[in-house]
Structure formats: structure tokens, C-alpha cells
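Please read the structure below before turning to the comments.
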Amino acid sequence: MYDLLITGGTVIDPASGLNGRADVATSDGKIAAVEPEVARGAEARETLDATGLLVTPGLVDLHAHIYPGCTPLSVDADPLMARSGTTTMVDCGSVGAATFAGFRRYVVEPSRCRVLAFVNISVIGLVAMPECGYGRFVDSNAAFQCIEQNRDLVVGVKVRGSRNALGEDNTIQPVWMAIAAAAAGNVPVIMHLGDPPPALEQGLEVLRPGDIVTHSFKGQPVTRLVDHAMRVKPQVRAARERGIKFDIGHGSGSFSWAVSHALAEQGFWPDTISTDVHTSSIKDPISIDMPNAMSKMLHLGMDLEAVVRASTLEPARQIGWDDRIGTLAPGREADVAVLALEEGQFSLTDSYRQTEQASRRLVARHTIRGGQVIGA
Ligand SMILES: [Zn+2]
């Protein structure tokens, strides 16, 4: 007797190479079976008909801001996750070492969805900005202690490597401090790209293999990954070859159609697709969520299976959780997204209020977390 049977859908699970018609069964919060004909003769407490729909691992959003009441940019995670197929959301630096206990108590514990965090190198997180403006707030030891004491939740260290995060001295020092904390804790750094200092090339140079650059598809000429002729900068290609990962982090200031088309034409796809959802980017006309960000990558010509991989398996890998989430392999957490790939004419707006018409879009139909249908 299974708890839940999802029947008739097209299962895309990049980790197992599966892309075809299959049923998914869950039991005790875990994936129990993924087979073409699980339904025949099997019994389940609940059945979901996914005929004509895509069934993927639950979406993993690597960049979100979900500490409302403590940081002004944050939104409520649960309703957003439930309607967007997102089963794991990683807060990206809203929380620092000094505010972490509250994050666990008021955000993580009551949430029906899985909430993890990149801890900010500033102890105050994004309570106020510039968060690194007062030197003593930038504390490698505090960030390291926070990692050590919260291994169940902390997956890395966030630093906003840009002018608007820094203090009067305007140095790259917070990036170095983030790397020091992350190295001691054996976790990645996620560095946001913004107006210098530090310059893009300077930031890329100090990151280590496995570290992540977020806001990779932004449009500002000084910060973007392409040069004046819209060619991918050689330092960017070198960084990727060295193992640096490039994340979308869409937000309300970091996704440009012009730059994205240029990157796509040169085959420079993101390693991970994430939202940077916050109080501005969640609103019209951007209305960001994972299916919206994924639809944009489809519109740019990214292959559907690659889009799913960059929204499930790849983010799970980068935060060291791929032994638990990011795939539908039996024994893993029963976190599942049921998505519709709709055809028609859809307006998709970038962070610079430019709109393009897409012929396809992804929309979440069901969100399943730990075998429980929680929404959409
Ligand atoms: Zn952000």
C-alpha cells in the first residue's frame, strides 16, 4: 500500500536519465517506486492523475529571501512554494549569525516546505543595508560557528560582492572573509554580482571551484558577463573551466533579455536557475517564481531536460544535498513537482521591464513535499 501514486505523467529525472511516461509512488515520505506501470494492481491512499503533465523532482530554488518581519525584502516562503512546485528554498543571505536562531524558530520550523540557508558573512544578514558597512559586522568566525552549529540548515556563505554592500573602505575584504568562513566549514560561497568594487574579474579570481556566482544574467555593462561586443568575457570562461558555478538569481535587477540572448547564442547556459524572489521581484510585471524563471530559459532555447536539471539536481548538488533531494530515485525524499508545459502566447518580463512573447511556459499544477500534496 503506497501513500501517494502519481500516474500517467511524463517523468523527467535527470539523475536517473529518465525522460518518459512513468508512475511515481511514495511511501513514508520517500520515493518508493518509479516505473512505467506502478499503477497496475498497486493500491494507494491517494492518487494524482498527471496525464499530459510533467513530473519532476521538487524544484530547488537556490536564491530566495524568506525571513519576513526580520528583513524588509523578504516574502513568506510557504504560499509561494506551494503554488510553484518548489519544495526546497534556500534563503540567500537574509540571515546572519546573529539572527539565525530566529530564522530556525520562526521560518524553518513552521514551514511545510524545506527551508535551508546561505548564511550572510555579515552577522546581521540583510536586516539593514549596507550589511557590510560596519566592519565588525563582517565576521568569519561568527559565520563559521553558525555553519558548525546549524549543519542541518546552513549550506554555504553568502556575500554581496558589490559597492552597495560595503562600508567606507570599499574593499574586496568581505569576499575574502566569506571564503575564509566557507573554507573552514567546507561549504561553498555564493557571491552576488553588482556594481564594483569588487570588479567582476576581481571577484571571479578569488572564488574557488564549487563556489557560485549569482545574478549571472544581469544587464549592467560594467557588471555583466559579456563585453562591449556582447562576447562572453574570457575571465568568465576561465572561471567556469576552473569549476566556478553560474546561477541566475533573477530578482528585480538581475535578468536582462539582451544579455541572456547573447549568452544563450554563445552556449553559455546557467548551471542553476533561481529566482531571487523578494518583495519587488514577486510583484507584477516580473512575478518571479521557479516556473517563470524556467520558462524564460526555455524561451532562450535551453533544452527542457537541461532546464529541469538546473532547477533540481544541479542546485541540490551544489549545496551537498543530492543524496536526499533533487532526484526521484527510490529512497529519496518524496519531493515532487507536477508541471504543465503550456503552449500559446505568454508575456515574460525581465528585470529591466522588457517583455518578450514566448510560445511555451511552465506552470505548477501540484507541489508534493515529503509525499504530501501541499498545493498549486
Ligand atoms: Zn538576493
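Within region 1-38, the set of residues being in a loop (DSSP other than H, G, I, E, B) and modelled with pLDDT of 95 or more comprises G17, D28, G29. Say whether the condition of being part of a helix (DSSP H, G or I), assigned by TED's automatic domain parsing to the domain that holds R240, of a type outside the set (K, R) and more than 16 Å from the ligand (Cβ to nearest atom) is met by at least one residue in region 281-291. Scanning region 281-291 turns up at least one residue that is part of a helix (DSSP H, G or I), assigned by TED's automatic domain parsing to the domain that holds R240, of a type outside the set (K, R) and more than 16 Å from the ligand (Cβ to nearest atom). Of note, E333 satisfies the criterion of being over 17 Å from the mean Cα position of the chain (by Cα) and under 17 Å from V90 (Cα atoms). Looking across region 246-280, the residues that are touching a Leu at 6+ places or on another chain (Cβ under 6 Å) and either more than 16 Å from the ligand (Cβ to nearest atom) or in a loop (DSSP other than H, G, I, E, B) (or both) come down to S260, A264, S274, H278, T279. Looking across V175, V155, one residue alone is β-branched (V, I, T) and touching a residue at least 60 places away in the same chain (Cβ under 8 Å). It is V155.
Would it be correct to say that P36 is without any contact (Cβ under 8 Å) to a residue 24 or more places away in the chain and more than 16 Å from the ligand (Cβ to nearest atom)? Judged against the criteria, P36 is a match. Filtered by the rule that a residue be in a helix (DSSP H, G or I), in contact with a helix residue (DSSP H, G or I) (Cβ under 8 Å, 6 or more places away or on another chain) and surrounded by fewer than 24 Cβ atoms within 10 Å (Cβ to Cβ), region 292-305 gives M297, L298, L304, E305.
For first residues located in region 88-107 and outside the structural domain of I368 (by TED's automatic domain parsing), partners that are more than 16 Å from the ligand (Cβ to nearest atom) and open to solvent by 20 Å² or more (accessible area, probe 1.4 Å) and lie 6+ apart or on another chain with Cβ distances below 6 Å form the pairs T88/R114; G96/V123; A97/V123; A97/A142; A98/V123. Restricting attention to region 350-374, report how many residues are out of contact with any Phe, Trp or Tyr (no Cβ under 9 Å at 6 or more places or on another chain) and closer than 14 Å to I288 by Cα. So the count comes out to 4. Considering only region 337-370, state which residues are closer than 14 Å to R112 by Cβ and open to solvent by less than 10 Å² (accessible area, probe 1.4 Å). Within region 337-370, T367, I368 meet the criteria. G331 satisfies every condition listed in (1) surrounded by fewer than 24 Cβ atoms within 10 Å (Cβ to Cβ); (2) outside any loop (DSSP other than H, G, I, E, B) except (2).
Taken together, the residues in region 212-225 that are open to solvent by less than 10 Å² (accessible area, probe 1.4 Å) and away from the ligand (no atom under 16 Å from the Cβ) amount to 1.
Scanning region 115-137 for residues that are open to solvent by less than 20 Å² (accessible area, probe 1.4 Å) and modelled with pLDDT of 95 or more gives V115, L116, A117, F118, V119, N120, I121, S122, G125, L126.
Go through (1) open to solvent by less than 30 Å² (accessible area, probe 1.4 Å); (2) more than 16 Å from the ligand (Cβ to nearest atom); (3) over 27 Å from T88 (Cβ atoms) and name the single condition P196 misses. So the condition that P196 fails would be (1).
What number of residues in region 39-57 are part of a strand (DSSP E or B) and either within 16 Å of the ligand (Cβ to nearest atom) or open to solvent by less than 10 Å² (accessible area, probe 1.4 Å) (or both)? Within region 39-57, residues that are part of a strand (DSSP E or B) and either within 16 Å of the ligand (Cβ to nearest atom) or open to solvent by less than 10 Å² (accessible area, probe 1.4 Å) (or both) number 3.
For region 58-114, how many residues are within 12 Å of the ligand (Cβ to nearest atom), of a type in the set (S, T, N, Q) and surrounded by 24 or more Cβ atoms within 10 Å (Cβ to Cβ)? Final tally of qualifying residues: 2.
The values are calculated or read from the model by the stated rules, or taken from the named source; none is laboratory data. Nothing here was measured: the structure is a model prediction, and the numbers come from that model. Note: ideal-geometry Cβ built from the backbone for every residue, glycine included; neighbour counts use all protein chains shown. Side chains are part of the model used for accessible areas, which takes the heavy atoms of the whole protein and leaves out ligands, DNA and RNA. Shrake-Rupley method; radii C 1.70, N 1.55, O 1.52, S 1.80 Å.
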